[in-house]
Every structure is written in structure tokens, then in C-alpha cells.
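Participant: Here it is: the structure, laid out below.
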Amino acid sequence: MFGLNKIIPSEPNYNFLDYRNKFLLLSSTLIFLSIVLLLFKGLNLGIDFKGGILIEAKLKNNDIGSIRSNLSSDFDNVVIQEFGSSDNIIIRLQNNKNIEDILLITNVKNTINDQVLEFRRSEFVGPTISKELFLSGLTAISLALLSILIYIWFRFEWHFGFGAISALVHDVLITLGILSFLNIDFSLSTIAAILTIAGYSINDTVVIFDRVRENLRKYKKMNLVDLFNLSINNTFSRTVITSMTTLIALFSLFFLGGEVIRSFSFTMIIGVIIGTYSSIFIAVPTLLIFKFRNIDDDIN
């Protein structure tokens, strides 16, 4: 596809694990920096988690730029998204000035009233609801990681589960660190992207682990470093081509999909890149911690 089979060799012979210490150091540094950012800078929580107002309106024309300019001059953290059609929009605002939500909605409507054909709905997300949404989102991520760990444990063995969950925690923490550093809006769609990343990453990892398990049975006397290198090389072209074709779709969504899915597509792009990296350079090297041939008798 797109000549990728010519760029990526079908039978590569790279010594991935020769650089494992450097990549583990790089990942440890990135995780440390991500934790520091999350603790001291935090995430840029969107209206879903901080509370605010939402207004849906049908425009007299499609001049969204003019409406955005008018609202941005009078209000903070304005997000305007097309909804359904180009003349139907959703306006999101965070109530940073601690005024009554009804008054804030009225002020927004008065500001753009001459440009709007119809205000279809208006609502607000209170701080209690937004807190519940935030906690529910964190719970969803935690339960997803736990479920994946249990699946890998039963699908393979507990030491494979350790490698898989290490890679997943690595992916989630670094992705959140990048979102914090770039001040990207963190919303429910971002939670969905992170859960999707977890599924995508574990899929790559399972493919490589399957080959590791096959090779453990096939090459009983091969050095583990050589065996792991062989397993990664066996699946390398599949892993990279799958990631690259996925990224083509995600970049299309990011540049052409509009504001409504931009944070989702950006989070997915970062997650796919990091997930591919971790499946090769983090999940498999962590298996060297365990002496397979003594633990499971070559997983017979």
C-alpha cells in the first residue's frame, strides 16, 4: 500500500534489543517528565470536566469566523463547532467569571443575536456533574487497563501481562504528559481516544507476544535476546504498515474533520505513535526480566 512494502523490508534483521537500555532510559525520562507536568501543571480540562454552558444555534449565514471573533472579544475559552451542517453550531463556554449561568447564556445570545436565525437549545454543566464525569473517566481508564491485564494474564502468562501493562501505562502517561505540555483540551472525547489507544496498543503487543510464544516453543536453545529480536523482526513490517495506514486516516481527520474531533484525532495520533514504539521497545524488553525457560518449561 502506497509503496510501503518497498520502503519497509518484508524480512528485516534489526537488533532492536541492542538499544534496549537507551530506549528504556528515554521512556523513563519521558514518564518522569509527564508525571511532573501532570502534578504541577495539570490537564487543560474542558467544559465536560470544569463546567460551563452549551448553546446550539442555527445561523443566518455560515460566517462562523465572525461569531467566534465577536464572542472571543467578550468571553473566555470560547469553543465553536459545526454540528450536523455548516449553518448549525454549538457554542461552549466556561464560566470563569462566576456569574449566574442563565445571565451568561443571555449575554452570549445578545452578543450574536443578529447573526442567529434560531437558538435551538441552551444548557449548563454544573461543577458537581463535571466532577462526576472526570472521576468516571478516570475510572473507565483504570478498569480498561485492569481488564487488559487480566486478559493478557489468561491469554498468555502473568509475565507477559506485566510487559503488556508496563507498555500501556507508558503509553497513557506519556500521552497525558504531551496533552498537558501542549495545553490540549481534555474532554470526554479525549477519554475515548485514550481508551482506543489502549486497545490499539495492546493489539500490537499481542501480535508480537504471539510470535514470542511460538518462537519459545520452536527455538528451545536460542538465546532469549536473539529470540526476542527475531520475534520483533517477524512482525515488524505488519506493525509499522498498520500504524502508518492508521496515521494517514488520523491525519486526515485532524486536518479535515473540523474542531469537533480535533482533540480526539490529535490524541489518537500521539497515542498510535507512542503505542507502536512501546510495543517494540518497551513491552518485549521487559520480558528479559523473567527467565522463561525456568518458569514455564518453554510454555509447553
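Participant: Go through region 12-45 and report how many residues are of a type in the set (Phe, Trp, Tyr) and either surrounded by fewer than 12 Cβ atoms within 10 Å (Cβ to Cβ) or not in a helix (DSSP H, G or I) (or both).
Facilitator: 2
Participant: Give region 190-215 a look and list any residue that's closer than 16 Å to SER279 by Cβ and among the small types (Gly, Ala, Ser), or say none.
Facilitator: The answer is ALA198, GLY199, SER201.
Participant: Pull out all pairs, ordered by first then second residue, where Cβ-Cβ is under 8 Å, the residues are six or more apart or on different chains, the first lies in region 229-243 and is within 10 Å of SER279 (Cβ to Cβ), and the second is among the acidic types (Asp, Glu) and crowded, with 18+ Cβ neighbours inside 10 Å.
Facilitator: Close Cβ pairs satisfying both conditions: THR239/ASP204; SER243/ASP204.
Participant: Ok, one more. Can you tell me how many residues within region 11-42 are touching a Pro at 6+ places or on another chain (Cβ under 7 Å) and aliphatic (A, V, I, L, M)?
Facilitator: The qualifying residues number 2.
Participant: If I filter region 243-283 down to residues being part of a helix (DSSP H, G or I), small (Gly, Ala, Ser) and more than 13 Å from the chain's Cα centre (by Cα), which single residue comes out as farthest from ALA164 (Cα to Cα)?
Facilitator: SER252
Participant: Right, next: Could you list, in sequence order, the residues of region 52-92 that are in a loop (DSSP other than H, G, I, E, B) and closer than 15 Å to ASN113 by Cα? Talk me through it step by step, then tell me what you get.
Facilitator: Residues of region 52-92 in a loop (DSSP other than H, G, I, E, B): 60-63, 75-78, 84.
The answer is LYS60, ASN61, ASN62, ASP63.
Participant: Next up: From the set of residues in region 34-64 that are more than 30 Å from GLU132 (Cβ to Cβ) and in contact with a helix residue (DSSP H, G or I) (Cβ under 9 Å, 6 or more places away or on another chain), which is modelled with the highest pLDDT?
Facilitator: The selected residue is LEU59.
Participant: Would you mind telling me which numbered condition in (1) over 27 Å from VAL172 (Cα atoms); (2) at pLDDT 80 or above; (3) within 29 Å of the chain's Cα centre (by Cα) SER10 fails?
Facilitator: With respect to (1) over 27 Å from VAL172 (Cα atoms); (2) at pLDDT 80 or above; (3) within 29 Å of the chain's Cα centre (by Cα), SER10 is out only on (2).
The values are calculated or read from the model by the stated rules, or taken from the named source; none is laboratory data. Quick caveat, the model's predicted, so the values are computed rather than measured. A quick note on method: Cβ atoms are made from the backbone with ideal geometry, for glycine too, and the neighbour counts reach across all protein chains shown.
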